[in-house]
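Asker: Have a look at this one.
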Amino acid sequence: MTAITDRQKLAYANAQAADGRVNVEIETDEGMTLNMGPQHPATHGTLRIVAKLDGEQVISCEPIMGYMHRGYEKLVEVRTYPQINTLVNRIDWLGSFANEVPFILASEKLMDIEAPPRAQWIRTVLFEMSRLANVSLFLGDMALQLGALTPAFFAFRDREHVLNQIEAATGGRFHPNFDRIGGLKDDLPKGWIADTKKAMQKMRTFCDEIEDLIMGNEIFEARCRGVGVIPGEIAQLYGMTGSNLRASGVDWDLRRDQPVGLAWNEVDWKVWTHPDGDSFARYWVRLQETREATKIIDQLLDGLPAGPVMAKVPRIIKVPAGEAWVSTENPLGEMGYYVVSKGDLGPFRVKIRSASFNNIHIVPWVMRGVYVPDVITILASLYFILGDIDR
Amino acid sequence: MTAIVLSYWQQTGIKVGLTLLLIPVGALILGWTFLLKMMSHMQSRLGPMDAGPHGVLQLVADGVKFIQKEDIFPDRADRRVFALAPFVILMSTFLLYLVVPVGPDLVAEDFSTGIFFALAVSSLSVIGILMAGWASANKYSLMGGVRAAGQLIAYELPLVLAVVGVVIQAQSLNLSDIVRAQANGEIFGISFLGNPFVITQIVGFLVFLAAVQAELTQTPFDMPVAESEIVGGYQVEYTGFRFLAFFMGEFGTAFAFAGIAATLFLGGWAVPGVDPDSNVMNVLGPIALFVKVMFVSFLIFWFRFTYPRFREDQLQKFAWTILIPISLVNILVTMVLKVAF
């Protein structure tokens, strides 16, 4: 039993007071304050948005996060490196494998181990597949938030092809836990490459379907065009990353700009940007990126090098003292781990930079003056995963 | 054979009983066929399959479930208004059913101004929705209720204007007469089909369908109940059988409006090639009307499952700048042609 320090008591009291303050504002403020969440269908998780309204127009709004805080940064301090892998899987639960990669890379950097090329290529393939699993759901979900029911089911249906392939290779649909320091747990199973190529074909068909069904729809355009415009400079100021930033016209993609040993630069692909910065642009960029990901996977599978999938690593992993920062371009944006090791079985401290946490900070800026229905459009188009916000 | 003579209260009892029976039956038929099955197949999934063969009893099971649920009143709700609201909506649905003829002799009340009556009572549901929205003491409910009121009033106009063309052509406000006018009519001397007004009044038909879609608060006009924004709008605080009443009101009204659309534009209970006033039509008529109702409902639900929803301002703009001018032009053209031919 650990004694609670005064500082912890104070922090607890402060948190309670902050919560109470918001509730008091809701009760007593002039005008109408609309409390959306923590349980609200549009936040697909437990994000709370307190919006002051004038009629249906939002005067100001504030996102309140932390309802799903799971204390990962603290938890990893009492775990060993292989155990942490399982834990960080759950941060962005739709693109699990992509969460493992930067942490493993940071650990490898500290241990000065390089995974063999085949492992790096398979990592890239699985990384892009988790992007597909993540973003394809967005393509359906955004339409669902705008009231179209059917695309969501199409997304769930076709995402299954990708999840099946991830399961075939790793044994886990959602949380593969497949990455190891120094390589991968296993090689790919027999026949997997051909099956995956078929699945990629299906994903491209899905993209075409979505483009037919949604992008050309007048109502969808009317709801999205010019709604939630974020200029590139503002997006950068708020630390937005990923597709949200690219939709604001900033040509910035860590996969291309920051080589971390994975195989993106070995294949031919394109970083899509859109100059508008509105909700439609964010949807469009993600759709193109889904297509691009299928192409990346196809090319990687064609050129997969032979060899082992695991480098020589000691049986008990002890990471030498030091600090390392590695970030990658995850489905939601830049995700990075700052690992501080003191030479133990587990890290001394890990700072997790997750994409959604930073992407959501633009909400008060972008929501001023929009209508209540647009709040949903903008939230949906910013695309966050609550696990990625609260960690 | 001697005619069976029934006293006034017996007749009224039978009429009311049958009409009351029709609402849940219609709601169940539409709910199962379209909401459960058609939507599932459009979305490449099966839908509920376990209750009864192919899941036919799913909605009955759901209904039983709803009745078992606790009837919750919010703390600050206006209890009487809150309790009454769903039944005001059901009443409007019930009144709609009264005037739709299903055969030459099968009509609950054959008003000489039937269509006028139908359109008038259909807007009664606004009162129920506003009551529900206000009495729930919930901001989402209130927003939903106010949105619904604005929308239903805005779309009442194109609904009425779309019907005017039909009335001009049929020269009657009586729904049975409108059916006969279509069955006995001819288009440029071609008379084997009669003259279903969907051909000459295609613009009116489309405007009517769009307005019906909005009156039923179905996607793309489902802003008042938008689940992803205001979490069901005016229905958000309702549980148990009151929620069931809302459900029945929505789908029962869809059934009734499909019936009215079929009567106005698709020839109602008439079947081409059969004398509309022969006695056999009292059996054939309901079947014919049912087929047509299912067709119109199919259109309504097809739109519902395909489109995203409009925003409130876009929705109003659509009514006032597109639907109403179009239907006014339609009336004008119909009048000119009616005088010319």
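Every read-out reported here was derived from the displayed coordinates using simple, explicitly stated rules and does not represent laboratory data. Quantities reported herein were computed from a predicted structural model and do not represent experimental measurements. Note that each Cβ is placed from the backbone with ideal geometry, even for glycine, and that neighbours are counted across all protein chains shown.
Asker: Would segment A:199-242 count as rounded, prolate or oblate if I go by the C-alpha gyration tensor, calling it rounded below 1.5 in a/c and otherwise prolate when a/b exceeds b/c, oblate otherwise?
Answerer: oblate
Asker: Follow-up question, since we're still on this one. Taking the number of other C-beta atoms within 10 Å as the exposure measure, put A:ARG225, A:ARG7, A:ARG131, A:ARG159 in order starting with the fewest.
Answerer: A:ARG7, A:ARG225, A:ARG159, A:ARG131
Asker: Springs between alpha-carbon pairs under 10 angstrom, Gaussian network model over chain A: which of A:ASN14, A:ASN85, A:ASN244 fluctuates most?
Answerer: Highest fluctuation among the options: A:ASN14.
Asker: Follow-up question, since we're still on this one. Evaluate the distance, in nm, between pseudo-label points positioned 7 Å from the Cα of A:GLU218 and of A:LYS270 along their respective Cα→Cβ axes.
Answerer: 3.0
Asker: Report, in whole Å, the centroid distance computed from the Cα atoms of segment B:41-96 and segment B:229-281.
Answerer: If you average the Cα positions of each part, the centres end up 16 Å apart.
Asker: May I pose another question? Give the order of A:ILE113, A:ILE230 when sorted by the count of other beta carbons within 10 angstrom, beginning with the fewest.
Answerer: A:ILE113, A:ILE230
Asker: I've got another one for you. For B:ASN184 paired with A:ASN14, estimate the spin-label separation in nm (one decimal), with each label point 7 Å from Cα along the Cα-to-Cβ line.
Answerer: 8.7
Asker: Counting only other chains, what is the mean number of Cβ atoms within 10 angstrom of the Cβ of each residue in peptide A:214-226?
Answerer: Partner Cβ neighbours, averaged per residue: 3.
Asker: Another one. Limiting things to C-alpha atoms, what are the Rg and the maximum Cα-Cα separation (Dmax) for the protein assembly as shown, in angstroms?
Answerer: Cα radius of gyration and Dmax of the protein assembly as shown are 30.6, 106 Å respectively.
Asker: Excluding same-chain residues fewer than 8 positions from B:LYS69, which aspartates and glutamates have a Cα within less than 14 Å of its Cα?
Answerer: B:LYS69 reaches B:GLU237.
Asker: Using a Gaussian network model of chain B whose springs link C-alpha atoms within less than 10 Å, name the residue from B:ALA261, B:ALA183, B:ALA77 with the highest mean-square fluctuation.
Answerer: Maximum among the listed residues: B:ALA77.
Asker: Let me know the shape class of segment B:1-145, please: from the alpha-carbon gyration tensor, a ≥ b ≥ c as square roots of the eigenvalues, rounded when a/c is under 1.5, otherwise prolate if a/b is greater than b/c, or oblate.
Answerer: Judged from the Cα gyration tensor, segment B:1-145 comes out oblate (a/c at least 1.5, b/c at or above a/b).
Asker: Oh, and also: Considering amide H positions built from the backbone, and no H for Pro or chain starts, which residues 5 or more places from A:GLY183, or on another chain, come under 5 Å of its amide H?
Answerer: For A:GLY183, whose amide H was placed from the backbone, the distant partners under 5 Å are A:ALA311.
Asker: Longer than 19 Å from Cα to Cα, which of A:LYS109/A:LYS351; B:LYS15/B:LYS292; A:LYS270/A:LYS295; A:LYS185/A:LYS295; A:LYS9/A:LYS342; A:LYS202/A:LYS295 are they? Say none if no pair is.
Answerer: B:LYS15/B:LYS292; A:LYS185/A:LYS295; A:LYS9/A:LYS342
Asker: Can you bin segment B:72-340 into rounded, prolate or oblate? Criterion: square roots of the alpha carbon gyration tensor eigenvalues sorted a ≥ b ≥ c, rounded for a/c under 1.5, prolate for a/b above b/c, oblate for the rest.
Answerer: Because a/c hits 1.5 or more and a/b exceeds b/c, segment B:72-340 counts as prolate.
Asker: Then there is this: Under the definition of Cα pairs under 8 Å and six or more residues apart, what whole-number percent is the relative contact order of chain B?
Answerer: 23
Asker: What residues qualify as long-range amide H neighbours of A:SER60, i.e. H under 5 Å apart, gap of 5 or more or another chain, H built at 1.01 Å from N?
Answerer: Those lying under 5 Å, H to H, from A:SER60 are A:LYS52.
Asker: Please work out the C-alpha center-to-center distance from segment A:39-118 to segment B:174-226 and express it in whole Å.
Answerer: About 54 Å separates the Cα centre of segment A:39-118 from the one of segment B:174-226.
Asker: Which part of segment B:111-136 falls in the paramagnetic zone of B:TYR8, meaning amide N under 19 Å from the point 7 Å along Cα-to-beta-carbon?
Answerer: B:111-112
Asker: As an exercise, use a Förster radius of 41 Å and the Cβ-Cβ distance of A:ASP187 and B:TRP302 to find the FRET efficiency, rounded to the nearest 0.05.
Answerer: The value I calculate is 0.25.
Asker: Quick one: helix B:125-135 against the long Cα principal axis of chain B, what's the angle to the nearest 10°, folded into 0 to 90?
Answerer: For helix B:125-135, the angle is close to 10 degrees.
Asker: Calculate one ³J(HN,Hα) per residue across segment B:58-70 by plugging θ = phi - 60° into the Karplus curve 6.51 cos²θ - 1.76 cosθ + 1.60, and present them in order as whole Hz with x for glycine and proline.
Answerer: With the stated coefficients, segment B:58-70 comes to 4, 5, 5, 4, 4, x, 4, 4, 4, 5, 6, 6, 5 Hz.
Asker: For the peptides B:263-275, A:54-66, A:319-331, what is the packing order when you average, over each peptide's residues, the other Cβ atoms within 10 Å and list the highest mean first?
Answerer: With the highest mean Cβ count within 10 Å placed first, the list reads B:263-275, A:319-331, A:54-66.
Asker: Other chains' Cβ within 10 Å of B:143-155 residues: what's the mean?
Answerer: 1
Asker: Further question: For A:MET68, what residues show an amide H to amide H distance below 5 Å, using hydrogens built from the backbone and excluding near sequence neighbours?
Answerer: Answer set, sorted by chain and number: none.
Asker: While we're on this one: Using a Förster distance of 45 angstrom, determine the FRET efficiency expected from the C-beta separation of A:ASP251 and A:ARG368, and round it to 0.05.
Answerer: Efficiency at R0 = 45 Å is approximately 0.95.
Asker: What is the angle, in °, between the Cα long axis of helix B:202-215 and the longest principal axis of the Cα atoms in chain B? Nearest 10 is fine, range 0 to 90.
Answerer: 20
Asker: What spacing in nm lies between the two simple spin-label points modelled at B:LEU46 and A:ARG90, each 7 Å away from Cα in the Cβ direction?
Answerer: About 3.2 nm, to one decimal.
Asker: Through the Karplus equation 6.51 cos²θ - 1.76 cosθ + 1.60, θ set to phi - 60°, convert the phi angles of segment A:96-112 into ³J(HN,Hα) values in whole Hz; use x for Gly and Pro.
Answerer: Values per residue, Gly and Pro as x: 4, 4, 5, 6, 5, 4, x, 5, 4, 4, 5, 5, 4, 5, 5, 7, 6 Hz.
Asker: If you fit an axis through the alpha-carbon atoms of helix B:175-184 and take the longest principal axis of the Cα set of chain B, what angle between them do you get, 0 to 90°, nearest 10?
Answerer: 40
Asker: Let me ask something else. How much FRET efficiency would the formula 1/(1 + (r/R0)^6) give for A:LYS295 and A:GLU167, where r is the Cβ-Cβ distance and R0 is 22 Å, rounded to 0.05?
Answerer: After rounding, the FRET efficiency stands at 0.45.
Asker: What are the ³J(HN,Hα) couplings of segment B:283-300, residue after residue, when phi is run through the Karplus curve with 6.51, -1.76, 1.60 and θ = phi - 60°? Round to Hz, x for glycine and proline.
Answerer: Once θ is set to phi - 60°, the couplings for segment B:283-300 become 9, 6, x, x, 5, 4, 5, 4, 4, 5, 4, 5, 5, 5, 4, 4, 4, 4 Hz.
Asker: Across peptide A:310-319, how many C-beta atoms of other chains are within 10 Å of each residue C-beta, on average?
Answerer: 0
Asker: Average the reciprocal distances over every distinct pair of alpha-carbons in segment A:72-386, invert the result, and give the Kirkwood radius in Å.
Answerer: The answer is 19.8 Å.
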